[in-house]
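Let me begin by presenting the structure, written as structure tokens, before commenting on it.
The values are calculated or read from the model by the stated rules, or taken from the named source; none is laboratory data. Keep in mind that what you see is a predicted model, and the values were worked out from it rather than measured. No Cβ is skipped: glycine too gets one built from the backbone with ideal geometry, and neighbour counts run over all protein chains shown. For the accessible areas, the whole protein counts, side chains as well, though only heavy atoms, and no ligand, DNA or RNA atoms are used. Shrake-Rupley method; radii C 1.70, N 1.55, O 1.52, S 1.80 Å.
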Amino acid sequence: MKTNILKARIKRNNLEKHAGSNFVDESSKIIDNLRNEGKKVLLGIQKNDNLYTILGEEHVFYSSLKGNKGKISLSEFSEILHNNAMRKEKVFASYKYITIDNDRIWLKNKSTMKSLWNTILWLEKPSNRDYIYK
């Protein structure tokens, strides 16, 4: 996998900056654990051992406030983020969580949500998949 292009994209999206100490990448324990479960994960955010949102090659893997774990396709997650942003478009709206199947999924804040979203949009493009998945 050519991670240098993905890392450059993350830097450009300011994901690591906005997520701060909650940013996780290939050197993180949660990424190792999910990979050991056979999941194709790349990076994401983690609040604690029980609350995370991780981007994968084709899915977003998450654990909710209720403790449920799940996955959703990148395109579905992108659509949910889009709908959430359009619905909340107020300046002081909270973007800490989104709701999926009555579960609250952690996004940290508006800036982190935008950075995750931009990374997902980039990952979804077929021309960019060749850079990441080879």
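Details
Okay, residues lined up against (1) modelled with pLDDT of 95 or more; (2) under 19 Å from residue 9 (Cβ atoms); (3) in contact with a helix residue (DSSP H, G or I) (Cβ under 8 Å, 6 or more places away or on another chain):
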{"site": "67", "(1), (2), (3)": "no, no, no"}
{"site": "85", "(1), (2), (3)": "no, no, yes"}
{"site": "89", "(1), (2), (3)": "no, no, no"}
{"site": "92", "(1), (2), (3)": "no, no, no"}
{"site": "98", "(1), (2), (3)": "no, no, yes"}
{"site": "118", "(1), (2), (3)": "no, yes, yes"}
{"site": "125", "(1), (2), (3)": "no, yes, no"}
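- Count of region 100-116 residues, restricted to those that are modelled with pLDDT of 90 or more and open to solvent by 70 Å² or more (accessible area, probe 1.4 Å), is 2.
- Residues in region 9-19 that are open to solvent by 50 Å² or more (accessible area, probe 1.4 Å) and either modelled with pLDDT under 90 or assigned to a helix (DSSP H, G or I) (or both): 9, 11, 12, 16, 17, 18.
- Test result for residue 50, surrounded by fewer than 19 Cβ atoms within 10 Å (Cβ to Cβ), free of Cβ contacts under 8 Å to residues at least 12 places away in the same chain and under 17 Å from residue 69 (Cβ atoms): no
- Scope region 96-110; condition over 16 Å from residue 23 (Cα atoms), charged (D, E, K, R) and either part of a strand (DSSP E or B) or within 12 Å of the chain's Cα centre (by Cα) (or both); matching residues: 103, 104
- Some residue of region 61-71 being hydrophobic (A, V, I, L, M, F, W, C), farther than 26 Å from residue 126 by Cα and buried (at least 19 other Cβ atoms within 10 Å of the Cβ): no
- Scanning region 20-43 for residues that are polar (S, T, N, Q) and closer than 23 Å to residue 114 by Cβ, we see that the one that is surrounded by the most Cβ atoms within 10 Å (Cβ to Cβ) is 22.
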